[in-house]
Structure formats: structure tokens, C-alpha cells
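Peer 1: Sharing a structure below in C-alpha cells format, with a few things to ask.
The values are calculated or read from the model by the stated rules, or taken from the named source; none is laboratory data. This is a predicted model, so every value here is computed, not measured. Virtual Cβ from ideal backbone geometry, glycine too; neighbours counted across all protein chains shown.
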Amino acid sequence: MASSYSFDVVSDVDMQEVDNAINQSVKDSKAEIKLNGEEIKLVAEDEFKLNQVVEVLKAKFVKRGISAKALDFAKVEDATLGSARQTVKIVKGISKEKAKDVIADIKASKIKVQVQIMDVQVRVTGKDKDALQQTIALLKSKDYGIDLQFINFRS
């Protein structure tokens, strides 16, 4: 029997699915939607139409299995000839601040696991599989403003 078990808590986005969602949104819209790295640029005739594009984009993301929490919307800006534009950042990884919140919640729960920040993810280690499952249930019940996934289960 293994002496300890572990898993990683991550917030990741499949960029191929992002590209697919954007391509589907472009078909449904006359607005301009461009993916540039991990940023999406939106341009529409006016702010009302821009908001409609945003709703279509969110729906396409959800259909492709990407949480809307992975999108960080900047403020709407006025563009040329009365059009409106907006930049949307794709959130990948767990920031240090959010990782500290995750760790604080796990420690406050008194579940017998060890937690450490590893770059843009959090590693949870414990001697008992049940403790790891309790930790996952705890984290699923909280809202950190980002989509969390649980990967790399090891024994």
C-alpha cells in the first residue's frame, strides 16, 4: 500500500476548444472576433450588439466545455464610427492570491492533508484517499472566481 496520495488543483483552458468556440461564434455574428494568443478582441457596431456577441461567445464556450469563469472581460471602449470594442483575457493558472485562498480554506477545514503552491497550481498530499476526496468536495463547494480542475492523481 502506498504511503501517500496526491493530486494537483489547476485552472486550465483547452485553447483548441477556445478556437473552436470563437470560430462558431464568428459564423453566428457580423461582429469581429479575433483570438490573439490568450486574448480575444471583440468589435461590434455598438455596445448593444457587442453585448449580444459576448452572450453568444459565452454560450459557445459553455457548449465546448469551457467555463465562462475562464473569461476576464475588460471595460467596453468606444471605437471608430460609433462602434464598440472589448478585450477578453483567457484566465489560465491559479494566481498566488487565489492559491493562498485555496490553502487557507483547506487548512481551516482541518482535513489532514498537506498543501503547497507549485507555480500556477496547488498540490495536495495526504496519507488517506478519503481526505483527498474530502478536499476535492470542499474546493468544489467554494467559488474562487476561476474554474478548478483536479488532475495528476498519484499514489
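Peer 1: Restrict the check to the range 116-123 and report whether at least one residue is in a helix (DSSP H, G or I) and of a type outside the set (Lys, Arg).
Peer 2: no
Peer 1: Here is a list: ASP119, ASP128. Which entry is closer than 14 Å to ASP8 by Cβ and either in contact with a His (Cβ under 6 Å, 6 or more places away or on another chain) or not hydrophobic (A, V, I, L, M, F, W, C) (or both)?
Peer 2: Residue meeting the stated conditions: ASP119.
Peer 1: Any idea which residue in the range 124-140 is modelled with the lowest pLDDT, counting only those that are assigned to a helix (DSSP H, G or I) and among the basic types (Lys, Arg)?
Peer 2: Ranking the candidates gives LYS129 first.
Peer 1: Could you please find all residues in the range 131-155 being closer than 25 Å to VAL13 by Cβ, of a type outside the set (S, T, N, Q) and without any contact (Cβ under 8 Å) to a residue 60 or more places away in the chain?
Peer 2: Of everything in the range 131-155, those that are closer than 25 Å to VAL13 by Cβ, of a type outside the set (S, T, N, Q) and without any contact (Cβ under 8 Å) to a residue 60 or more places away in the chain turn out to be ALA137, LEU138, LYS140, LYS142, ASP143, TYR144.
Conditions tested, residue by residue: (1) in contact (Cβ under 8 Å) with a residue 60 or more places away in the chain; (2) within 15 Å of the chain's Cα centre (by Cα).
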| residue | (1), (2) |
| --- | --- |
| THR80 | no, no |
| ALA84 | no, no |
| VAL88 | no, yes |
| SER95 | no, yes |
| ASP119 | no, no |
| ARG123 | yes, no |
| GLY126 | yes, no |
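Peer 1: Further, regarding this structure: Do you know which residues across the range 68-78 are within 21 Å of LYS27 (Cα to Cα) and at pLDDT below 90?
Peer 2: Of everything in the range 68-78, just one residue is within 21 Å of LYS27 (Cα to Cα) and at pLDDT below 90, namely ALA68.
Peer 1: Continuing with this model, one more query. Just checking, does the range 26-33 include any residue being closer than 30 Å to ILE151 by Cα, in contact with a Ser or Thr (Cβ under 7 Å, 6 or more places away or on another chain) and either of a type outside the set (Lys, Arg) or modelled with pLDDT of 90 or more (or both)?
Peer 2: No, that holds for no residue.
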